[in-house]
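The values are calculated or read from the model by the stated rules, or taken from the named source; none is laboratory data. From a predicted model like this one, the values you see are computed outputs, not experimental measurements. Backbone-built Cβ (ideal geometry, glycine too); neighbour counts: all protein chains shown. We work out accessible area using only protein heavy atoms, side chains counted, and drop any ligands, DNA or RNA first. Shrake-Rupley method; radii C 1.70, N 1.55, O 1.52, S 1.80 Å.
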Amino acid sequence: MSAGPAGRAEVCVVACAEAWRGNGEVLAAPMGVVPAIGARLARLTFAPDLLLTDGEALLVADVPALGAKARAVEGWLPYRRHLALVAGGRRHVMMGAAQLDRYGNQNISCIGDWRRPARQLLGVRGAPANTLNNPTSYWIPRHSPRVLVEKVDMVSGVGYDRAAAAGPSATRFHRIPCVVTDLAVLDFETPGRTMRVRSLHPGVTAAELRAATGFPLEVPRDVPFTRLPSAEELRLIREVIDPDGLRAREVQG
């Protein structure tokens with residue numbers, strides 16, 4: 001396989017993997033191809049204690065390629081036990097979002113007035129429980145003003161402002177470690193818990209990022225670039241985890 005330079009998709013994989021750094025023995029719950037590759041990469045490199053599933057009901061001991069069956073199973077994790085992990089906080093999920101605002105409120109339910117939406121989406125699903133009970137990061141494969149919005153049409157996942165308004169019972173375990181998009185890595189490490197830029201992906205300009213965001217987004221002058229994958233990480237991504245190149249379906253380049 002070609003050993004060319006890292007593409008944008010591979011930078012995004014590494015950025016997603018970094019979300020689980022230092023988490024210890026928790027269940028990784030990635031939603032999307034790039035986060036799934038990222039979780040496997042983290043397990044194979046700097047997060048050996050990370051728990052992975054087959055996406056159905058098994059905890060896997062090995063790290064199979066995307067689409068391949070696990071050869072080693074280490075536990076049984078049916079839906080009811082998975083829900084217990086959610087309630088206990090021993091899980092770090094990386095969800096998607098049809099809309100996400102500056103406080104981290106997420107919408108995966110509908111577009112438009114919820115009483116008569118213009119478009120019906122997945123529904124609220126488990127987003128409230130995820131965001132109030134365990135760390136919840138986000139993966140946005142197309143960073144645009146339609147996704148990064150001033151105000152979401154309906155709140156599915158709870159953001160920092162709404163958690164604070166609900167009080168200690170909501171804020172106790174609420175945490176959004178990061179948002180990874182195809183342009184940047186963002187977080188909420190500000191006094192007002194509003195979105196900020198942690199890093200720009202190589203080749204992305206501050207002007208490009210601002211133009212793709214539906215609310216004013218301050219980009220610090222000294223903001224770093226997202227780190228590139230190492231040679232070993234590139235080998236694992238291309239030859240072990242995603243030899244079929246499925247990552248290119250979510251992110252071009």
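Average accessible surface for region 91-238: 48 Å² per residue, computed with a 1.4 Å probe over protein heavy atoms with every protein chain in place.
Taking Lys and Arg as +1 and Asp and Glu as -1, the other residues whose beta-carbon sits under 15 Å from that of residue 190 total 0.
Whole-Hz Karplus values for region 90-96 come out as 8, 7, 10, 9, 10, 8, x Hz, taken residue by residue from phi with 6.51 cos²θ - 1.76 cosθ + 1.60 and θ = phi - 60°; glycine and proline positions read x. The amide H of residue 29, built 1.01 Å from its N in the peptide plane, has 92, 93, 94 as neighbours under 5 Å, considering only residues 5 or more places off or on other chains.
Ignoring ligands, DNA and RNA, please state the percent of accessible area on the chain from carbon and sulfur, probe 1.4 Å. Answer for the chain: carbon and sulfur cover 54 percent of the accessible area. If the segment from residue 206 to residue 230 were pulled out straight at 0.36 nm per residue, it would be longer than the present Cα-Cα gap by 6.2 nm. Each helix, a run of at least 4 DSSP H residues, gives -39500 (n - 2.57); summed and divided by the residues of the chain, these come to -6500 deg cm²/dmol at 222 nm.
Amide H contacts of residue 157 (H built 1.01 Å from N, in plane; Pro and chain starts excluded): 106, 107, 108 sit under 5 Å, all sequence-distant by 5 or more or on other chains.
Computed over the chain with a Gaussian network model linking Cα atoms closer than 10 Å, the most mobile of 149, 93, 180 is 149.
Here are labelled values, (i) 27, 24, 17; (ii) 28, 19, 19; (iii) 25, 23, 20, and one is the computed semi-axes √(5λ) of the Cα gyration tensor in Å for what I pasted. Which one? Label of the calculated value: (i). Converting phi to 3J(HN,Hα) with the Karplus coefficients 6.51, -1.76 and 1.60 and the offset θ = phi - 60°, region 188-201 yields 10, 7, 10, x, x, 6, 9, 5, 9, 8, 8, 7, 9, 5 Hz in sequence order, with x at every glycine or proline.
From most to least packed by mean Cβ count within 10 Å, the peptides 36-42, 163-169, 189-195 give 36-42, 189-195, 163-169. Residues whose amide H lies under 5 Å from that of residue 74, counting only those 5 or more places away or on a different chain, are 59, 60, 61; hydrogens are built 1.01 Å from N in the peptide plane. Each residue of region 103-114 is assigned a 3J(HN,Hα), and the resulting list reads 9, x, 6, 10, 10, 10, 9, 7, 10, x, 4, 4 Hz, derived from the Karplus form 6.51 cos²θ - 1.76 cosθ + 1.60 (θ = phi - 60°), x at Gly and Pro.
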